[in-house]
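Please read the structure below before turning to the comments.
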Amino acid sequence: MSRIGKMPIAIPAGVTVEVAENNKVTVKGPKGTLERVLPAEMNIAVEGAQVVVTRPNDLKKMKSLHGLTRTLIHNMVVGVTNGYEKNLEINGVGYKAAKQGNKLVLSLGYSHPVEMIDPEGLEAVVDGSGLKITVKGIDKEKVGQYAANIREKRAPEPYKGKGIKYADEVIRRKVGKTGKK
């Protein structure tokens, strides 16, 4: 039995979970509404103040889908109640970020500023120093993807650590060249 899959998902107050045909799950909460079509093989049932996911048989594919389905629903419930955020840090001389309306403008040592428009439902917040970016939203997958897209514009390099990194990321450093003997 899937250890994660068999755990029921508690539905907090102010959150409604609806399961339509084809396992289309809609979660409404104080921060917004999320919809997702989940694997049709799984049985999703709302029992009182919790959601229970069960699988039809013990095939390997069903076992893996069981835990995935439960986690996806749990992430939707957490998203509409608390939301998600990813923190990024910018390291490097002259590297900085700024906001212009819904546009994130990054100065990353290129000959031009890199401009990124916030996707719908997400918001990138830059702190006063311009060295910290926080991506906020209710969909965990979209928050992570947008943060990865920002990091990709100038990933940290291993010699000086310059670039955009996640706040909790540790960069493996390398030793530079040595001179003549």
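Remarks
Conditions tested, residue by residue: (1) in a strand (DSSP E or B); (2) acidic (Asp, Glu); (3) over 30 Å from ILE171 (Cβ atoms); (4) touching a helix residue (DSSP H, G or I) at 6+ places or on another chain (Cβ under 8 Å).
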{"residue": "ALA13", "(1), (2), (3), (4)": "no, no, yes, no"}
{"residue": "PRO56", "(1), (2), (3), (4)": "no, no, yes, yes"}
{"residue": "LEU65", "(1), (2), (3), (4)": "no, no, yes, no"}
{"residue": "LEU68", "(1), (2), (3), (4)": "no, no, yes, no"}
{"residue": "GLY79", "(1), (2), (3), (4)": "no, no, no, yes"}
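- Tally of residues being in contact (Cβ under 8 Å) with a residue 40 or more places away in the chain and closer than 26 Å to PRO30 by Cα across the stretch 89-130: 1
- Among the candidates ALA97, ALA124, residue that is part of a strand (DSSP E or B), surrounded by 17 or more Cβ atoms within 10 Å (Cβ to Cβ), among the small types (Gly, Ala, Ser) and touching a Gly at 6+ places or on another chain (Cβ under 8 Å): ALA97
Residue by residue, here is whether (1) under 24 Å from VAL135 (Cα atoms); (2) β-branched (Val, Ile, Thr) holds:
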position	(1), (2)
ILE4	no, yes
GLY14	no, no
VAL25	no, yes
LYS31	yes, no
VAL53	no, yes
LYS61	no, no
ARG70	no, no
ASN82	yes, no
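- Residue ID - nearest to the chain's Cα centre (by Cα), chosen from residues in the stretch 164-181 that are surrounded by 10 or more Cβ atoms within 10 Å (Cβ to Cβ) and free of Cβ contacts under 8 Å to residues at least 60 places away in the same chain: GLU169
- Of note, THR33 does not satisfy the criterion of being free of Cβ contacts under 8 Å to residues at least 12 places away in the same chain and closer than 19 Å to GLU141 by Cα.
- Qualifying residue in the stretch 142-152 (condition: among the hydroxyl-bearing types (Ser, Thr, Tyr), in a loop (DSSP other than H, G, I, E, B) and in contact with a strand residue (DSSP E or B) (Cβ under 9 Å, 6 or more places away or on another chain)): no
Just so you know, all these numbers are worked out from the coordinates, no wet-lab data involved. Quick caveat, the model's predicted, so the values are computed rather than measured. Backbone-built Cβ (ideal geometry, glycine too); neighbour counts: all protein chains shown.
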